[in-house]
Each structure stands twice: as structure tokens, then as C-alpha cells.
């Protein structure tokens, strides 16, 4: 409810995909807010991936009685805004990854998703700073589009599902959401949805929703592929180390068994000699 007019607050919720929309929509409805979902994601590459994510979102929203509005899909605009930033970073640093995540390398499924982004600008290395700049340009384009649409259609505020993921730059998301909303003359509704990530993951899997394995852009697709390969290599190395450790254990056990067998054989030979000597003595004592 709007505190000034007394009318229900009209909230536009920018959504990146269906799985990330589950918990924000649930929480907002629990607060009495009925959001309209705005799918503005010109970053998603390729086009069939964009369509698949949108179809997943629409199918779920239809069952929820939730309105979904599709923004313009304009990859050329994204390339001009964020693609050129990403290309410069790619040329300078190559594929920018975070390295294998220990929790994911051992199978994922921990109690909480590890936050691998770094929201403190001064703490990141130059490659990470370049990646952050690329993501900032991406957020800015999408939030500006969403905020302008919200203002033009009488919405009071704009929120986003992007902050569900612990792999995003949450502080940058907030900065860019607030900047875009101030520019459009509406309120920014920022929520840090990361505590709901595990529940969103569980629910989306339970509902059989398509779950993408990269953020969306061509850079993130490449980075995610490299990180998956790194995780596979880490798991393979872990298994090899376990096999080597078990091989050493088995060798030590076999050595101990061989020593026990040799000791038993020596004991048995000694007892046999003793019995033979005793029989010989008894034989000599006979008349």
C-alpha cells in the first residue's frame, strides 16, 4: 500500500528467468504486493536460449496467475553497451573465471550457496574489476529499460530478481537499480534475495523448471564452460588422490598381512622341527 495515496503499490519486477522469480514473487505476495514481471534481458545469448528462458517463465507465471510483460530483445544494444566492455576485458585478460568452487567441485548441495562475487571495488584484481564493469553496463541497460517502461505505465516502483543469485554483484545491482529509478522518477525497491537462493533452487528443481547453467551473455557462457571444466578436473584430481591414498592403504595392509603370514609360517616351521625332534628322541628311547 502506498503510504501517500493509500492505493495499492504498483510494483514492476524485472526478472532474469523463471527459477529466480519463484521466491521474490512468493515473498512479495506475502506482503500483499502483486507484482507484474518484466522480462528485459537483451544480454541472453543465443536467441533460442532467450526464448527458452522466457517460455519457462511464462509457463510458471500462467499457473500462478501472474502477468508477464516482455521487453524488447535487442542484442545489438547490449553489444554496444556491455559487449564492447566485455570484449576489451576478454582481449586483456582472457576468460575471466573465479577458479573451481570447492563446494561445487565436491558435488554442490551445501547448506548455503557460496557467494563468489566481490562487492568491494578495491579488493578485486584487475580482471575481476573488468568483469564487474561489464556486468555493471549490463545491469544499467536492462534497468534503464525496465524503469522507463514502469514510469510510462504508471508503476510506483521497480525491483529485480537478479539479487537472488550469490554469483552476481549485489552491491552493483543495487546501485544501478537506484540510479535507473531516480532517472525515471520512480522508487527503487531493492531486496537482497540471496538468502532465498537455496529454496529457489529446491523449488525450481522440484517443479521441473529449466535451469540454465550460465548467467546469460556470451561471456558468461564461455566463463561457465571453463569453470565447469575446472570443476570436473578438480573432482577427477580428488578421486585420483583418493584412489592413490587407498592404494597406499591397501599396500600397507597387504604388507602387514604378508608379514603375519611369514611370521605364522616361521612359527609353524619351528613347531614342526620341535615335533620332529621330539619324535626322534622318542624313537631313540625305544627298546
Residue check for residue 233: out of contact with any helix residue (DSSP H, G or I) (no Cβ under 7 Å at 6 or more places or on another chain), surrounded by fewer than 16 Cβ atoms within 10 Å (Cβ to Cβ), part of a helix (DSSP H, G or I) and in contact (Cβ under 8 Å) with a residue 60 or more places away in the chain: yes
Qualifying residues in region 52-69 (those that are surrounded by fewer than 16 Cβ atoms within 10 Å (Cβ to Cβ) and over 25 Å from the mean Cα position of the chain (by Cα)) - the one farthest from residue 221 (Cα to Cα): 65
Residue in region 7-22 that is modelled with pLDDT of 95 or more, farther than 30 Å from residue 227 by Cα and assigned to a loop (DSSP other than H, G, I, E, B) present: yes
Unique residue being at positive phi and in contact with a helix residue (DSSP H, G or I) (Cβ under 7 Å, 6 or more places away or on another chain) when the list is 185, 216, 154: 185
Residue, farthest from the chain's Cα centre (by Cα), within region 182-210, restricted to residues that are part of a loop (DSSP other than H, G, I, E, B) and closer than 15 Å to residue 167 by Cα: 192
Scan of region 36-49 for residues that are in contact (Cβ under 8 Å) with a residue 24 or more places away in the chain and not in a loop (DSSP other than H, G, I, E, B), ordered by number: 36, 37, 38, 39, 47, 49
The listed residue being touching a residue at least 24 places away in the same chain (Cβ under 8 Å), touching a helix residue (DSSP H, G or I) at 6+ places or on another chain (Cβ under 7 Å) and outside any helix (DSSP H, G or I), out of 95, 69: 95
Qualifying position, being farther than 28 Å from residue 201 by Cα, surrounded by 15 or more Cβ atoms within 10 Å (Cβ to Cβ), more than 19 Å from the chain's Cα centre (by Cα) and at pLDDT 95 or above, among 146, 130, 152, 137: 130
Among (1) touching a helix residue (DSSP H, G or I) at 6+ places or on another chain (Cβ under 9 Å); (2) surrounded by fewer than 15 Cβ atoms within 10 Å (Cβ to Cβ), the one test that residue 222 misses: (2)
Failed item in (1) more than 26 Å from residue 135 (Cβ to Cβ); (2) within 25 Å of the chain's Cα centre (by Cα); (3) not in a helix (DSSP H, G or I), with residue 33 passing the rest: (2)
Selection within region 124-174 - without any contact (Cβ under 8 Å) to a residue 12 or more places away in the chain and assigned to a helix (DSSP H, G or I): 129, 152
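The values are calculated or read from the model by the stated rules, or taken from the named source; none is laboratory data. Not measured: the values here are computed from a predicted model. When we count neighbours, we look across all protein chains shown, and the Cβ atoms used for this are built from the backbone with ideal geometry, even at glycine.
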